[in-house]
Every structure is written in C-alpha cells, then in structure tokens.
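Engineer: Below is one structure. I have some questions about it.
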Amino acid sequence: QVQVVESGGGFLHPGGSLKLSCAASASIFSSAVMAWYRQAPGKERELVASITSGGSGTKYIDSVKGRFTISRDIAKNTVYLQMNSLKSEDTAVYYCNIDWPVLGSYWGQGTQVTVSS
C-alpha cells in the first residue's frame, strides 16, 4: 500500500519558522494533487494549501497567505510546506494528502506544530 509520511513538526515561539516534509512511497508526477491540511483541538480539519500541475498551481487559505509556501520535488517524491512568521493560531496537527489518478487519495499520520510563548 502507498505510504505518506510527514515530518518537521515541533515546538517554537511566535514569529519562528518551520519546514514540513511529506514523503511518498509512490511517484509524485504532475497529475497528482498534493495538499496540506491541519486540525486544531476542538476544530474540524481544514485545507491549508494545495499544489497541482507540476507545481505551478497553488492555493492557500487567507490566514496563511504571504507566510506559508507549498512546493514539490517530483524526483524525491516529496511535498514541502515552508511556514514563516508562525502564530499561536497556527498550532495544530498538520496532515499531508496526496491524490493520485487510479491509486486514489492517501493521508499521512500527521505531525504536531505547536506555537506558544
């Protein structure tokens, strides 16, 4: 079965930066849709960022625009989420999702990001 594994989470103070990685056991070719979601305690999971078509098409929720950047490295089968100027509101478990044609949609187990003073 296809495996999707996130890494890079941790604890940091407001204003800090983290880079999350999402490594897949299957090839990430141009047709695959990749996304980062997050879920804070007591809240529903929300879509944070997505990337499609060779990395040229990206989308972000308003609260992270200008601070977060999603990117992909097809050769390494890896998706990244660079997070800058982190706020306490960004505290959540972050999940990677990759949707392949035919194979379908797969989720990682999540990585915890905690932003606190």
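Engineer: Pull out the extension gain between Ser7 and Ala75, defined as 0.36 nm times the separation in residues minus the alpha carbon to alpha carbon distance; nm, one decimal.
Structural biologist: 22.7 nm
Engineer: Here is a follow-up. In the chain, carbon and sulfur make up what percent of the accessible area (probe 1.4 Å)?
Structural biologist: Using a 1.4 Å probe with all protein chains present, the chain comes out at 49 percent carbon and sulfur.
Engineer: State, as an integer percentage, the relative contact order of the range 20-82 based on alpha-carbon contacts under 8 Å between residues 6 or more apart.
Structural biologist: About 39 percent, as a whole number.
Engineer: Which of Asp73, Asp90, Asp62 moves most in a GNM of the chain, Cα contacts under 10 Å?
Structural biologist: Looking only at Asp73, Asp90, Asp62, the largest GNM fluctuation is found for Asp62.
Engineer: Right, another one. Below 18 Å Cα-Cα, how many Lys pairs turn up in the chain? Only count pairs eight or more apart in sequence, or on different chains, if you could.
Structural biologist: For the chain, the number of qualifying lysine pairs is 6.
Engineer: I've got another one for you. Hey, what did the chain get for relative contact order, percent, Cα under 8 Å, at least 6 apart?
Structural biologist: In percent, rounded to a whole number, it is 36.
Engineer: Right, next: Using θ = phi - 60° and the Karplus curve 6.51 cos²θ - 1.76 cosθ + 1.60, what whole-Hz ³J(HN,Hα) does each residue of the range 80-88 get, with Gly and Pro shown as x?
Structural biologist: These are the phi-based 3J(HN,Hα) values: 10, 9, 7, 10, 10, 6, 5, 10, 4 Hz.
Engineer: Counting only heavy atoms of the protein chains, get the accessible area per residue of the chain (1.4 Å probe) and round it to a whole Å² value.
Structural biologist: Accessible area per residue: 52 Å².
Engineer: Right, next: Can you check what the net charge comes to around Asn84, using other residues whose Cβ is under 10 Å from the Cβ of Asn84 (Lys, Arg +1; Asp, Glu -1)?
Structural biologist: Every neighbour counted, the sum reads +2.
The values are calculated or read from the model by the stated rules, or taken from the named source; none is laboratory data. Just so you know, these numbers come straight off a predicted model, no measurement behind them. We place every Cβ from the backbone using ideal geometry, glycine too, and count neighbours over all the protein chains shown. Accessible surface is based on the protein model in full, side chains and every heavy atom, while ligands, DNA and RNA are left aside. Shrake-Rupley method; radii C 1.70, N 1.55, O 1.52, S 1.80 Å.
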